[in-house]
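The values are calculated or read from the model by the stated rules, or taken from the named source; none is laboratory data. Owing to the predicted nature of the structure, the values given are computational and were not obtained by experimental measurement. We place every Cβ from the backbone using ideal geometry, glycine too, and count neighbours over all the protein chains shown.
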Amino acid sequence: MPQTTRFDTSNSRRETSRRSLVRLGLELVLILLAVALGVGAYKLVANLPSLPARAPMAASQKAVPSLVRDGSRILVPEGSPLRGKLTIGTVALQQIERTLQLPAMVEAEPARTVKVLPPVAGRLIDLKIQLGDRVERGQELAVIDSSDLAQAYADEDKARSAVKMTKQTLDRALALEKYSAGSVKDRQQAENDHAQAQAELERTQSRLRAIGVLADLKEEGRKLSLKAPVSGSVVDLQVARGAHLNDATAAIMTIANLDEIWVTANVPEKDTALVAQGQAVDVVFAAYPGEVFKGRVLFVSDILDPDTRRTKVRIAFPNPDMRLKPNMFASATFVTPKQTVRVVPATAVVLRNEADQVFVEVAPWTFEARSVDIDFQQRDQVVLAHGLEAGQRVVVKGAVLLND
């Protein structure tokens, strides 16, 4: 039994050793195969034709700046993308008609507008018209029951009676003096009394005329018929039937004759010199947008409003069919005589530090900022007062790109 055990153990060791040798052989074969593959791949790559090396983009193409500043000058170098964005033009001389367009409003002419005041105190017992009615001169407007009217009639009767009495006394004094039966003093006193009575009668008759009645055609009792002083439209009414009229200075209604109206525009102080009497004006009313009314400046106010710093300019228009009504909105366009001015496109002017400036080309693609004074702008053009001369080349488009 001991001999059999040593035999088994020896066989097991030989089997283990054989397996180790086989494994080692396989590993060597794999290593040799990998080495062979690597060498082949290296030779394949080495035999390929060589390609030129690519240089970095920054090394092959040098970057070009958009612009270069040299003191007050700005240079746009060749190859700069700004060259394709800038447009250069010239300062031009043009003959233009300046147009000044201003808001306006329709007004009734003051000389054709009357505020109707009650001539006497009293009660309004009848109102013959309504707000908006058109009346003719002399048409009855209202009836007023007034004790003042009765008193005025009574005063006139007394004065007329006094004139009659003093005239009789004067006649007697003259007759007596003629026959030497009366004194000169009596005759002179009679003349004085008659003159005073005559003056009083004239005063009472003047009072009746101021009230609006005639002494020779006495109205019924204390009633006063108030008549229209002018023809026109009742544009304001402040009373109603039954009202008591105590203030002779308070208007009870307003009558305006609108056969001719005014269009009033307020011209800014700086543009006052552009408007003159007789100047042509085109007016368009908001109520009639497709129609242009041709007119001329009636007058320019001699004073300037201290609050708005504007001058009133008025244009008169006939209005027979009453199409134009007070307080309508309108737009008035004033056309000035032609004048030769220096102009540039509005896009050429840029704002810098609250000042207007233009970029002038002082050399090819070299610019310099110049401050300019703008007279006015009309549509897409700017009229220059100072700063540039005609013919100078300036940036007319893209100037804002140079303003940073």
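Some observations on this one:
- Among the residues listed as R342, R379, R309, the single one being charged (D, E, K, R), within 30 Å of L86 (Cβ to Cβ) and surrounded by fewer than 16 Cβ atoms within 10 Å (Cβ to Cβ): R379
- Being crowded, with 17+ Cβ neighbours inside 10 Å, over 28 Å from A152 (Cβ atoms) and out of contact with any Cys (no Cβ under 8 Å at 6 or more places or on another chain) is a description that applies to R187.
- Of all residues in the range 96-132 being part of a loop (DSSP other than H, G, I, E, B), within 36 Å of the chain's Cα centre (by Cα) and surrounded by 15 or more Cβ atoms within 10 Å (Cβ to Cβ), the one that is modelled with the highest pLDDT: E109
- Taking the listed residues A154, A199, A195, A175, the one that is outside the structural domain of D271 (by TED's automatic domain parsing), within 30 Å of A240 (Cα to Cα) and either part of a helix (DSSP H, G or I) or over 60 Å from the mean Cα position of the chain (by Cα) (or both) is A154, with no other qualifying.
- Tallying residues that are part of a strand (DSSP E or B) and surrounded by 14 or more Cβ atoms within 10 Å (Cβ to Cβ) within the range 347-376 yields 16.
- Residue within the range 254-262 that is over 20 Å from L141 (Cβ atoms) and in contact with a Pro (Cβ under 8 Å, 6 or more places away or on another chain) present: yes
- Counted residues, the range 382-398 - those being surrounded by fewer than 17 Cβ atoms within 10 Å (Cβ to Cβ), assigned to a strand (DSSP E or B) and either touching a helix residue (DSSP H, G or I) at 6+ places or on another chain (Cβ under 9 Å) or modelled with pLDDT of 90 or more (or both): 2
- Residue in the range 241-250 that is among the charged types (D, E, K, R), closer than 30 Å to R134 by Cα and at pLDDT 95 or above present: no
- Hey, A150 within 17 Å of R209 (Cβ to Cβ) and loosely packed, with under 14 Cβ neighbours inside 10 Å or not: no
- Residues being under 30 Å from E109 (Cβ atoms), within 30 Å of the chain's Cα centre (by Cα), modelled with pLDDT under 90 and of a type in the set (V, I, T) are entirely absent from the range 337-356.
- Hey, A210 of a type outside the set (F, W, Y) and over 30 Å from D155 (Cα atoms) or not: no
- First in the range 280-307 and basic (K, R), second anywhere and surrounded by fewer than 14 Cβ atoms within 10 Å (Cβ to Cβ), Cβ under 7 Å, 6 or more apart: R296/G278; R296/A280
- The range 61-83, residues that are outside any loop (DSSP other than H, G, I, E, B) and either of a type in the set (D, E) or under 21 Å from V362 (Cβ atoms) (or both): V68, R69, D70, R73, I74, L75, L82, R83
- Across the range 358-376, the number of residues qualifying as within 33 Å of the chain's Cα centre (by Cα) and in contact (Cβ under 8 Å) with a residue 40 or more places away in the chain comes to 3.
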